[in-house]
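A short reminder: the numbers here are calculations on the coordinates, not readings from a lab. Predicted model only: the values in this text are computed from it and were never measured. Counting neighbours? That spans all protein chains shown, and the Cβs are built from the backbone with ideal geometry, glycine included.
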Ligand SMILES: [Zn+2]
């Protein structure tokens, strides 16, 4: 348990929790941005649900702890310690499409590094 919270804290420090909103605030979603080298994908998250394997198989099916993505989300939102990006609906759609097709969004990484 200790280890995964440590990891979640490190993820927050590395700015892996990103909040995307549209200019009028009508859409607002949180993403977990995976590290470039790791085998993990980007995930769309909130405090209650994640679409990753660990969440579904360990948390939902075995009633274990939530995944590291949710833990990072909880840590980040506790202190508003996340990256905020305001994007058009079109840009947001491009990012989500990349995540669902490739597992990671290159566009999001470009925006975060610029
Ligand atoms: Zn997860």
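Things worth noting here:
- For region 30-85, the gyration tensor built on C-alpha atoms gives an oblate shape. Its axis ratio a/c (a ≥ b ≥ c) is at least 1.5, and a/b is not larger than b/c.
- Per-residue Cβ neighbour rank within 10 angstrom, fewest leading, 44, 86: 86, 44
- Tensor-based shape of the chain (alpha-carbon gyration tensor, a/c under 1.5 rounded, otherwise prolate or oblate): prolate
- Length gained when the stretch residue 29-residue 74 is fully extended (0.36 nm per residue, less Cα-Cα span): 14.8 nm
- Point-to-point label distance, residue 83-residue 46, nm (Cα→Cβ direction, 7 Å offset): 2.3 nm
- When each of 89, 75 is scored by the number of other beta-carbon atoms lying within 10 Å, the sequence from fewest to most is 89, 75.
- Oblate is the label for region 64-114. Its Cα gyration tensor axes, ordered a ≥ b ≥ c, give a/c of at least 1.5 and b/c at or above a/b.
- Among 20, 112, the ranking by other beta carbons within 10 Å of each residue's beta carbon, starting with the fewest, stands as 112, 20.
- Sequence-separation-based contact order of the chain, relative, with Cα cut under 8 Å and 6+ spacing, percent: 29 percent
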